[in-house]
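One structure is given here, and the rest of the page talks about it.
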Amino acid sequence: MAWVVAVVLLAEALGVAMLNWLMGNLVDAQNMSLAGLDPDAMSMSSKIGGVVFGLYFALCALVAVLVAVRDRQPAGLGRVLLVSAAVVHGLLAAVAWALIGRPQFVFMVVMLALIVLLLVTYDGRRGPAATDPQDTKGPDGPESAEESQDTQEPATSPLPPPPTPTTS
């Protein structure tokens, strides 16, 4: 499942970067202006925004690839990146519903669900579990229950015993 998230995030990174680059070129070719802004500044900011968001989604895809390869949950910055990508997809889903249309909304919600599923699915896996040492005699363990009880040390508790009551 992490591989699917990685592939879709990488495709989305390329799509976002290409779409913003195309929009920047259209603004530049049409010499458009919004509220008196310089068309060259609008074109350049659209291209820069596309590259930044493309790199952001590509970095999130890299985190998903690392999760898939290691078969462990993301930690630290990787987890923060995936959570922020889920939030971004939630916000983009709301904008898509209001401005673009239902198919884009469904895509954003599916991406949100995949990222959240990635974060939740690998939540319990924290790497190899340490095993407690076992007191065994030979390959088959203790030979009898009495021998097992005689050789065991008294159990110690990490808590101190309660204070003894005194009569004064």
Query raised in the report: Quick one: in segment 68-100, which of the residues that are in contact (Cβ under 8 Å) with a residue 24 or more places away in the chain and of a type in the set (Lys, Arg) is most open to solvent (accessible area, probe 1.4 Å)?
Result: 72
Requested in this report: Kindly check whether there is at least one residue in segment 29-46 that is in contact with a Lys or Arg (Cβ under 6 Å, 6 or more places away or on another chain), more than 27 Å from residue 110 (Cα to Cα) and either open to solvent by less than 60 Å² (accessible area, probe 1.4 Å) or in contact (Cβ under 8 Å) with a residue 60 or more places away in the chain (or both).
Outcome: no
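If we scan segment 107-117, do we find a residue that is more than 23 Å from residue 21 (Cα to Cα), open to solvent by less than 30 Å² (accessible area, probe 1.4 Å), at pLDDT 85 or above and not aromatic (Phe, Trp, Tyr)?
Going residue by residue through segment 107-117, those that are more than 23 Å from residue 21 (Cα to Cα) are 109-110, 112-117.
Subsequent filtering for residues that are open to solvent by less than 30 Å² (accessible area, probe 1.4 Å) retains 115.
From the residues that got through so far, the ones that are at pLDDT 85 or above too are 115.
Among the residues that remain, those that are also not aromatic (Phe, Trp, Tyr) are: 115.
Yes, the conditions are met somewhere in segment 107-117.
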Query raised in the report: Out of all the residues in segment 62-73, is one or more over 24 Å from residue 7 (Cβ atoms) and at pLDDT 90 or above?
Result: no
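May I ask you to verify whether residue 17 is part of a helix (DSSP H, G or I), over 20 Å from residue 121 (Cα atoms) and either over 25 Å from the mean Cα position of the chain (by Cα) or modelled with pLDDT under 90 (or both)? Steps first, answer last, please.
Values: part of a helix (DSSP H, G or I): yes; over 20 Å from residue 121 (Cα atoms): yes; either over 25 Å from the mean Cα position of the chain (by Cα) or modelled with pLDDT under 90 (or both): no.
Considered against the rule, which asks whether it is part of a helix (DSSP H, G or I), over 20 Å from residue 121 (Cα atoms) and either over 25 Å from the mean Cα position of the chain (by Cα) or modelled with pLDDT under 90 (or both), residue 17 comes out as no.
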Query raised in the report: Of all residues in segment 70-121, how many are under 22 Å from residue 54 (Cβ atoms), assigned to a helix (DSSP H, G or I) and of a type outside the set (A, V, I, L, M, F, W, C)?
Result: 7
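Is it the case that residue 67 is part of a helix (DSSP H, G or I) and touching a Pro at 6+ places or on another chain (Cβ under 7 Å)?
Numbers: part of a helix (DSSP H, G or I): yes; touching a Pro at 6+ places or on another chain (Cβ under 7 Å): yes.
The answer is yes for residue 67.
The values are calculated or read from the model by the stated rules, or taken from the named source; none is laboratory data. A quick note: this is a predicted structure, and the numbers were derived from the prediction, not measured. Virtual Cβ from ideal backbone geometry, glycine too; neighbours counted across all protein chains shown. Only protein heavy atoms, including side chains, enter the accessible area calculation; ligands, DNA and RNA are left aside. Shrake-Rupley method; radii C 1.70, N 1.55, O 1.52, S 1.80 Å.
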